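Coordinate-derived values only; no laboratory data. Note that the coordinates shown come from a computational prediction; the quantities given were computed from them, not determined experimentally. Virtual Cβ from ideal backbone geometry, glycine too; neighbours counted across all protein chains shown.
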Amino acid sequence: MKELLTFLDVSFGYGECAILSDFTASVPADARIALVGPNGAGKTTLLRIAAGTLRARSGDVRLHGRPLTSLSQRAIARSVAMVPQDVEVPFPFTVEQFVRQGRTPYLGWLGGFNPSDRDAVERALDLTDTVHLRSRIFNQLSGGERQRVKIALGLAQNPRLLLLDEPTQHLDIGRQLELIELIRQLADQGIAIVAAMHDLGLIEGTFSSVWLLSPERSVRQGPPRRMLSPELLEEVFNCPSHRAVSLPQLLLVPKEATHS
Amino acid sequence: MQFILLLVVLLLAILISAGVGAVAIPAGVLLRSLAGRGHLTDTQRTILLAIRLPRILAAAMVGSALSVSGLLFQGLFRNPLADPYVIGSSGGAVLGASLGVFLLPPVSVAGFGTSALLAFGGAIASIALVYALANVEGRTPVVPLLLAGFAVSTMLSYSSYFLEVLDRGFGTGMRVLTSWLHGTIVQPTWPQLAIVGLMLAAGLCASVPLAQRLNTLALGEEYAAHLGLDVQQTRIAVIVVGSLLTAAAVALGGLISFVGLIVPHMMRMLLGPDHARLLPYTALAGAIFLLVADTVARTVMAPAELPVGVLTACIGGPFFLYLLRKARAEAFL
């Protein structure tokens with residue numbers, strides 16, 4: 001499978017504190033990768049490096065074989081879309097006005113929209129099932145709606161790779177399952193997905209690969225079954241596992257996950 | 001459609017403003033003479049061309065410049081409470097302009113041009129200072145912004161008084177300075193109007209490509225940068241263009257407060273927050289707003305004239321407090 005994005009010996013740190021060291025991995029064009037790890041392990045950092053907003057301290061990040069440092073941010077944003085965790089909008093933008101910002105890397109000097117820009121916005125609203133929200137004020141949306149609209153902005157960029165930072169955070173379980181369903185649909189459309197995930201129960205069946213990040217060790221990669229074993233999680237999250245649970249537990253699993 | 005409506009309102013305001021004053025020129029008489037079917041008396045003609053028309057143009061241009069610079073600064077600071085007066089750029093412009101006045105006689109074209117240029121420099125310097133002081137990780141929260149703006153603008157406008165000491169005898173400098181600090185639209189000469197008109201036109205044209213960029217910048221600096229916006233370049237351009245417009249306004253009207261706050265806010269309530277859409281409407285509505293305010297200011301206590309800055313402060317102060325309360329309720333502090 002053709003590789004979309006590759007990390008070659010990438011290192012990064014804030015000040016003295018090293019976050020990534022000599023990280024090598026590749027994101028194929030049909031990737032469904034979940035980033036798992038404790039807070040501060042570098043999930044968001046990794047996403048930012050992939051999105052071109054942070055520059056690796058050393059090593060090489062390549063998009064379609066070309067180093068990110070040799071590409072303009074506009075060029076990167078036409079292939080890679082980052083959906084951040086929190087977006088704060090100081091003005092009452094409507095959903096449509098918000099999603100239109102996804103066309104920024106395509107706009108000319110005056111910032112006018114042409115028909116292909118409008119089409120991309122419509123398609124993004126359609127794919128995320130947010131057409132009915134278009135005239136609502138972004139700041140007044142519920143958590144689940146907000147998340148879908150943020151993804152719509154990313155899709156308006158026409159990306160090959162969608163980077164999602166904690167897309168299911170702060171959502172109720174119903175909205176979480178809807179969002180997982182959306183991620184699957186997008187992956188089926190041929191968009192590579194890399195998502196930082198805290199809800200480990202949502203990973204299997206949707207993501208085909210897990211990158212396990214921990215502060216002390218280098219990144220480990222593998223299929224969900226192997227990476228999400230109690231022993232590994234116990235070590236990475238530095239917590240004793242409680243396998244004997246006295247309370248009844250409810251685990252909701254996305255539909256097709258049971259037979260995949 | 002709404003744009004044509006605003007144009008009609010502007011024309012009506014001009015017609016009314018041209019008619020009221022010590023010598024009344026009824027709108028009917030004015031319209032008939034414009035249509036070539038009647039004549040104004042010589043007194044009426046002189047008053048119209050030498051006094052009222054320059055004053056009308058000055059008020060409209062100052063209002064337009066202040067409103068658009070308010071719109072730009074609100075986008076830059078990602079904060080609907082920014083206004084050239086509140087954030088200190090007017091104060092910087094006044095200090096710059098005062099220097100010019102004391103260097104060269106302000107009535108001459110060169111003198112006025114120097115003042116306007118120094119006002120521009122003063123506005124840029126003060127806004128850059130406030131931005132550096134109030135910026136917290138790419139955000140400019142309300143409280144640091146207002147405090148930094150308040151401190152800088154107080155420092156700057158009061159240091160203009162130092163120039164009083166330099167003023168020998170009873171020069172015109174002091175009178176001009178006083179009228180600036182009160183926010184009076186002085187009776188402009190045609191060359192002065194031409195200079196400010198050029199500054200306004202340049203500022204408005206330069207705002208057009210900035211409008212869509214401000215929409216993107218509203219998402220936050222990091223997000224905007226990810227989308228391929230050159231954040232640093234956009235910020236500098238907004239500071240330069242906003243300061244040019246502030247300087248244009250200050251050169252004719254001095255410290256006129258809150259216009260840059262009220263007009264963009266009203267337009268945002270009517271038309272939504274899209275900067276590209278707001279830009280032309282804000283420019284037009286600003287002209288109408290200050291023209292009406294200045295007409296009221298010069299007639300309400302006739303024969304005495306009220307500085308229009310006093311009037312906008314009276315309307316704008318409570319409005320500003322209302323917005324501040326609303327901002328707190330919406331928690332974007």
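See the values below:
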read-out: For residue A:57, distant residues with modelled amide H under 5 Å away; value: A:11, A:12, A:13
read-out: Chain lengthening between residue B:310 and residue B:163 when straightened (0.36 nm per residue, less Cα-Cα); value: 50.6 nm
read-out: Shielding by partners, peptide A:181-194 (average Cβ within 10 angstrom, other chains); value: 0
read-out: Mean-position separation - Cα centroids, the stretch B:225-267 and the stretch A:5-41, in angstrom; value: 41
read-out: Size of charge dipole - the stretch A:90-158 - debye, nearest 20, with Cβ of Lys, Arg +1 and Asp, Glu -1, no other charges; value: 160
read-out: Integer Hz, Karplus 6.51/-1.76/1.60 couplings in order for the stretch B:185-202, x for Gly and Pro; value: 7, 6, 5, x, 8, 4, x, 4, 4, 5, 4, 5, x, 5, 4, 5, 4, 4
read-out: Gyration tensor (alpha-carbon) shape descriptor, chain A, a/c threshold 1.5; value: oblate
read-out: Under 15 Å, Cβ to Cβ, from residue B:65 - net charge with Lys/Arg +1 and Asp/Glu -1; value: -2
read-out: Chain A: relative contact order in percent, alpha carbon pairs under 8 Å with at least 6 residues between; value: 24
read-out: The stretch B:1-94: trypsin sites (Lys or Arg not before Pro) falling in loop per DSSP and having at most 14 other Cβ within 10 Å; value: B:37
read-out: Å³ per residue enclosed by the Cα convex hull of the protein assembly as shown; value: 181
read-out: Among B:39, B:182, B:275: highest mean-square fluctuation, GNM of chain B, C-alpha pairs under 10 Å; value: B:39
read-out: Neighbour count of at most 14 Cβ within 10 Å plus DSSP loop: longest GluC sites (Glu not before Pro)-free window in chain A; value: A:89-215
read-out: Qualifying trypsin sites (Lys or Arg not before Pro) for the stretch A:34-81 [loop in DSSP, other Cβ within 10 Å: at most 15]; value: A:55, A:57
read-out: Relative contact order for chain B, counting Cα pairs under 8 Å that sit 6 or more residues apart, in percent; value: 29
read-out: Calculated diffusion of the stretch A:90-158, Stokes-Einstein form, Kirkwood radius summed over Cα pairs, 10 °C and 1.306 mPa s, µm²/s; value: 134
read-out: Most mobile of B:15, B:49, B:278 in a GNM of chain B (Cα contacts under 10 Å); value: B:49
read-out: Rg [Å, one decimal], Dmax [Å, integer] - chain B, C-alpha atoms; value: 19.8, 65
read-out: Unit Cα scatterers, Debye sum, the stretch B:10-165: log10 I(q)/I(0) for q = 0.12, 0.13 Å⁻¹; value: -0.69, -0.76
read-out: Rule-of-thumb Rg ratio for the stretch B:275-324 [Cα; 2.2 N^0.38 Å; N residues]; value: 1.37
read-out: P(r) tail fraction, the stretch A:156-220 - alpha-carbon pairs more than 21 Å apart, %; value: 26
read-out: Highest-fluctuation residue, B:163, B:244, B:71 considered, GNM on chain B with Cα pairs under 10 Å; value: B:163
read-out: Selection from A:161, B:20, B:324 lying farthest towards where the dipole of the protein assembly as shown points positive, charges on Cβ; value: B:20
read-out: Kirkwood-Stokes translational diffusion coefficient of the stretch A:85-128, alpha-carbon pairs, 37 °C, 0.692 mPa s, µm²/s; value: 285
